[in-house]
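Taking it in order: structure first as structure tokens, then the write-up.
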């Protein structure tokens, strides 16, 4: 069985603990938080908890031995194996154990891989005996909502545009965003509302000078500028982090344009549209809008969704190359496009 991070937490809160959890995903902070929460809910005594953080090739037999040990004065024991990469020999040891796992032990394996390979025998064994957990990166929309929810817990109201600015500048990695939010809460002090004016002075992690640069460049169909921007964005970062954030920004930009087109037809003023569609610091939005049709916007949105679906379902695709190909197609004049 494959579960998302939120699903795992719901399960643990009910007191259900499977014999194995194999955790994947680029969100290392989310995985670490999940393990902390599991330990809190599991409440193992020291003698019913073992954690392995060394070389998995040499520690795998010892970890399995711990799994086969009966719990002391408890119903279950917890064994955690933390390793960026589990080598083939260790995977074989764990896969063999999972053919007949101890019903009184919960084994947790952590991997830095984005998701399991289709031919991964250990992942297949874990899915059959327990669950594979996937901690996917937050989308920009999810990151904005989580920031606002965490701010509410602290008794603050984080404005939507302030949250969007924070995500646009710092990215969607929750470990970074959480740190930025903590600084922001200290900065505003007793003030109940947090706006854009509070975010800008506080940002310590900035990905770009303008968080909406890619959205604007693609809306303007400026191919050369888009490719230059992407080349700089990919430098020194994990491609997946840039690709999925980029797809969300591009898709969001087209949705804004499509909504604005329809609102203009309905007779709304540009100022009303800016407020309703949440257009910030973009004086050229409507001039770019004049050069694109609704039909083209619908076509481009379908392309974005197709690429995102392919990347999530076909692990062999090169995410960076697929995004660059998409941008080339999006910036190609309508007269030169093949029908889809």
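The values are calculated or read from the model by the stated rules, or taken from the named source; none is laboratory data. Quantities reported herein were computed from a predicted structural model and do not represent experimental measurements. Note that each Cβ is placed from the backbone with ideal geometry, even for glycine, and that neighbours are counted across all protein chains shown.
If you check 101, 137 for being over 24 Å from residue 316 (Cβ atoms) and either at pLDDT below 90 or assigned to a loop (DSSP other than H, G, I, E, B) (or both), only one passes: 101. Let me spell it out: the conditions are (1) more than 28 Å from residue 284 (Cβ to Cβ); (2) assigned to a helix (DSSP H, G or I); (3) out of contact with any helix residue (DSSP H, G or I) (no Cβ under 6 Å at 6 or more places or on another chain), and residue 197 meets all of them except one. Which number is the exception? All conditions are met except number (1). Residues in region 294-313 include none that are assigned to a loop (DSSP other than H, G, I, E, B), in the same structural domain as residue 223 (by TED's automatic domain parsing) and over 19 Å from the mean Cα position of the chain (by Cα). Filtered by the rule that a residue be touching a residue at least 40 places away in the same chain (Cβ under 8 Å) and in a helix (DSSP H, G or I), region 222-244 gives 223, 226, 227, 230, 234, 239, 240, 241, 242, 243, 244. Name the residue that is farthest from residue 137 (Cα to Cα), counting only residues in region 48-57 that are modelled with pLDDT under 90 and surrounded by fewer than 18 Cβ atoms within 10 Å (Cβ to Cβ). Per the criteria, the residue is 57.
For region 58-86, taking the residues that are touching a helix residue (DSSP H, G or I) at 6+ places or on another chain (Cβ under 9 Å) and closer than 11 Å to residue 110 by Cα, the one that is surrounded by the fewest Cβ atoms within 10 Å (Cβ to Cβ) is identified as 85. When the residues of region 1-44 are filtered to those that are touching a strand residue (DSSP E or B) at 6+ places or on another chain (Cβ under 9 Å) and in a loop (DSSP other than H, G, I, E, B), the one that is farthest from residue 71 (Cα to Cα) is 25.
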